[in-house]
Amino acid sequence: MAEEEIKQGSRAKGGSSEGKRKNTRSYKHVQLERKRPQLTRGEDEGRAPSRQGKRSGGSSAAGKDPKAKLKVIPLGGLDAIGKNMTVFECKGDMIIDDAGLMFPDDDHPGVDLILPDYTYVLENADKLRGIVITHGHEDHTGTLPYLLKDLDRKVPIYATKLTLGLIEGKLAEHRVKNAKLIEIKPGQQVKLGCITAEFFAVNHSIPGAVGVFFQSPAGNVLHTGDFKLDQSPIDGVHTDFGALARFSKIGVDLMMSDSTNAMNPNFTRSEAEVGKVLAGIISQATGRVIIASFASHIHRMQQICDAAIANGRKVVVTGRSMIQNTDIARRLGYLHISDDDLIDAYDLKGIPPEKIVIMCTGSQGEPLSALARIANGEHKTIDIEEGDTVIISATPVPGNEKAVTRVINSLAKIGADVYDKSRARVHVSGHAGAEELKLVLSIVQPRNFMPVHGEATHLRAHAKLAQDVGIPEENVFICENGEGLELSAKGVRRGDYVQSGIVYVDGLSVGDTSQDVLDERTTLGSQGIAIATALVDARKKEVAGPVSVETHGITGGDDPDVLDDLAYAVKRSLTNVLGKGGSAKDWERACRQSLQTALWERTKQKPMVIATVLEAPRA
């Protein structure tokens with residue numbers, strides 16, 4: 001088995017999310033381990049009381065290197081459900097587990113995507129041995145194109161077949177060619193420097209999901225990935241209890257587990273239950289059936305296709321990501337529907353409405369999505385009429401509730417019969433509930449536990465579940481992004497902080513949009529803007545000509561009398577500061593302050609104010 005060196009590369013990316021990025025160059029290959037090493041479980045060294053900076057839970061195996069340390073550094077995923085990314089580093093070797101993004105909400109006007117700040121990865125790029133991806137959802141893969149552009153070298157990416165197919169499509173969109181995509185299967189081990197990653201199957205809302213068991217000279221870490229314990233899965237793939245039990249026997253020093261549904265006290269229902277409900281709704285529908293779901297939910301799409309065909313209907317797919325993912329899933333053998341049962345949206349003319357099921361994007365109320373355009377009568381090929389049935393087969397992501405409600409109301413005005421989760425079981429989660437989480441904890445019996453993938457309330461609820469099944473409180477670590485843990489033969493302790501945070505993707509700009517810019521956009525959107533322009537003669541210390549005041553988005557701000565009063569206030573203030581011999585900055589500051597004051601007095605509003613003062617050329 002050939003092993004090739006990783007050549008030295010330089011980095012770096014500057015600063016925080018507002019910082020500029022610099023490229024890193026280095027090249028490498030990684031080796032695949034075809035034979036599993038024989039592993040034996042060492043005796044538990046006992047647990048020492050632990051607080052911040054203290055160690056907890058002894059190492060799992062007697063054969064560990066007493067000098068080795070494994071750093072576990074979460075760069076995202078611990079403050080929201082999104083941008084999941086974790087770094088593992090041991091003896092000069094570094095690997096990344098997932099590289100996801102998060103979609104913006106109302107607090108991020110104009111922002112397209114939100115990435116984790118991966119400055120630490122770029123600063124240590126010469127150590128990077130590979131990236132492992134647990135599944136194909138964008139909150140686990142979406143950062144890859146940006147990260148690879150910044151690394152600017154071939155990096156091996158390990159994932160299952162469908163996950164790689166989705167990643168390949170995303171990289172092609174971004175014209176990224178420096179990725180080395182390597183397919184793995186559950187049960188396979190990959191050697192990445194001194195760290196061995198073993199993949200095991202888990203059930204989730206997308207095929208090809210896996211968890212990862214990391215073994216290093218310093219200790220072993222189990223990362224569940226996103227999972228649920230569906231005992232009647234659509235594709236027949238169950239979460240691998242046998243692998244979890246085997247890892248427990250080997251010894252799990254630290255377990256990192258999905259916390260999304262930790263506050264749900266029950267078991268998550270099976271995806272098969274959704275299929276039965278969808279089939280019932282489709283069988284009773286008299287017109288078109290339009291179903292909006294996540295484009296990555298291949299299991300849901302398969303059930304929709306099966307129900308449509310069973311009821312003598314053809315399937316239409318619309319929405320860019322839905323079309324792309326349908327093509328990928330069919331090509332790779334994850335979605336089964338014949339060409340005869342799948343028709344193009346442009347070929348709908350002449351086909352009776354009761355013979356059609358439309359799968360589309362827009363389950364989150366996105367204004368440019370297929371469903372929103374259909375609801376607003378703006379779709380090129382699909383119209384909706386009274387009596388048609390619309391199914392929103394998803395739960396709104398926090399922050400999207402208002403957008404989804406707007407779309408539902410638009411559909412209701414047309415006369416469509418709308419189903420969502422509140423009316424029928426048209427959606428179930430892909431994440432384990434509290435009882436499932438406790439079951440997995442009981443099987444694995446980790447010495448230490450770190451909840452991941454969730455907001456603060458989810459992480460704390462999961463931490464409580466871990467304590468309920470017997471993990472001592474001092475061995476449960478609730479961390480923040482950038483706050484690492486350190487494993488060694490002595491146990492687990494909190495490590496040092498590394499740079500973390502968020503990076504905004506704003507059009508072609510990556511990392512240059514600051515919070516100040518977002519605050520300005522929010523002010524513009526909610527309060528409007530007022531602009532004052534003046535010309536001054538500094539030599540004569542007087543305002544040369546009339547002051548111009550322009551307002552936008554201000555109630556009453558376009559009244560001529562109000563504009564005259566505003567201009568007069570600005571001119572008076574500017575004349576006063578000119579008489580005192582102030583600088584250009586003093587002139588503009590005086591204009592802003594006087595305009596703000598006058599606006600408040602006349603309109604009781606506080607818009608954004610911009611003042612421009614130009615100096616007249618000297619004769």
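Conditions tested, residue by residue: (1) part of a loop (DSSP other than H, G, I, E, B); (2) in contact with a Ser or Thr (Cβ under 7 Å, 6 or more places away or on another chain).
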{"position": "A534", "(1), (2)": "no, no"}
{"position": "P546", "(1), (2)": "yes, no"}
{"position": "V549", "(1), (2)": "no, no"}
{"position": "G557", "(1), (2)": "yes, yes"}
{"position": "K571", "(1), (2)": "no, no"}
{"position": "L574", "(1), (2)": "no, no"}
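Which residues, taken from the range 590-602, are touching a helix residue (DSSP H, G or I) at 6+ places or on another chain (Cβ under 8 Å), open to solvent by 20 Å² or more (accessible area, probe 1.4 Å) and not hydroxyl-bearing (S, T, Y)?
Hits for the range 590-602 are Q593, R602.
May I ask you to say which residue of E455, E436 is in contact with a Ser or Thr (Cβ under 8 Å, 6 or more places away or on another chain) and of a type in the set (D, E)?
Values: E455 fails: in contact with a Ser or Thr (Cβ under 8 Å, 6 or more places away or on another chain).
Exactly one residue qualifies, and that residue is E436.
Considering the range 360-415 alone, what residues qualify as being in contact (Cβ under 8 Å) with a residue 40 or more places away in the chain and aliphatic (A, V, I, L, M)?
If the condition is that a residue be in contact (Cβ under 8 Å) with a residue 40 or more places away in the chain and aliphatic (A, V, I, L, M), then A370, L371, I374, I382, I384, V390, I391, I392, A394, V397, V404, V407 are the ones that fit.
Of (1) touching a Gly at 6+ places or on another chain (Cβ under 8 Å); (2) touching a residue at least 60 places away in the same chain (Cβ under 8 Å); (3) closer than 21 Å to L368 by Cα, V316 satisfies all except one. Which?
Going through (1) touching a Gly at 6+ places or on another chain (Cβ under 8 Å); (2) touching a residue at least 60 places away in the same chain (Cβ under 8 Å); (3) closer than 21 Å to L368 by Cα one by one, V316 breaks only (1).
Considering only residues that are out of contact with any Pro (no Cβ under 9 Å at 6 or more places or on another chain), surrounded by 20 or more Cβ atoms within 10 Å (Cβ to Cβ) and on the phi > 0 side of the Ramachandran plot, which ones fall in the range 330-366?
G362
Please indicate, with yes or no, whether at least one residue in the range 177-186 is buried (at least 19 other Cβ atoms within 10 Å of the Cβ), in a strand (DSSP E or B) and not basic (K, R).
Among the residues of the range 177-186, at least one is buried (at least 19 other Cβ atoms within 10 Å of the Cβ), in a strand (DSSP E or B) and not basic (K, R), which makes the answer yes.
If you check G136, G100, G130, which single one turns out to be over 27 Å from G219 (Cβ atoms) and not in a helix (DSSP H, G or I)?
On the way: G100 fails: over 27 Å from G219 (Cβ atoms); G130 fails: over 27 Å from G219 (Cβ atoms).
Matching residue, one of G136, G100, G130: G136.
Looking at K228, is it open to solvent by 30 Å² or more (accessible area, probe 1.4 Å) and touching a residue at least 60 places away in the same chain (Cβ under 8 Å)?
Details: open to solvent by 30 Å² or more (accessible area, probe 1.4 Å): no; touching a residue at least 60 places away in the same chain (Cβ under 8 Å): yes.
Criteria not met by K228.
Does P233 count as open to solvent by less than 50 Å² (accessible area, probe 1.4 Å), in a loop (DSSP other than H, G, I, E, B) and over 22 Å from V452 (Cα atoms)? Write out each step before concluding.
Details: open to solvent by less than 50 Å² (accessible area, probe 1.4 Å): yes; in a loop (DSSP other than H, G, I, E, B): yes; over 22 Å from V452 (Cα atoms): yes.
Yes.
In this structure, does L147 turn out to be buried (at least 18 other Cβ atoms within 10 Å of the Cβ), over 26 Å from H431 (Cα atoms) and either among the hydrophobic types (A, V, I, L, M, F, W, C) or in contact with a Lys or Arg (Cβ under 7 Å, 6 or more places away or on another chain) (or both)? Let's see the steps before the verdict.
Numbers: buried (at least 18 other Cβ atoms within 10 Å of the Cβ): yes; over 26 Å from H431 (Cα atoms): yes; either among the hydrophobic types (A, V, I, L, M, F, W, C) or in contact with a Lys or Arg (Cβ under 7 Å, 6 or more places away or on another chain) (or both): yes.
When the stated conditions are applied, L147 passes them.
The values are calculated or read from the model by the stated rules, or taken from the named source; none is laboratory data. If you're wondering where the values come from, they're calculated on a predicted model, not measured in any experiment. Note: ideal-geometry Cβ built from the backbone for every residue, glycine included; neighbour counts use all protein chains shown. Quick note on the areas: whole protein, heavy atoms, side chains included, nothing else; ligands and nucleic acids left out. Shrake-Rupley method; radii C 1.70, N 1.55, O 1.52, S 1.80 Å.
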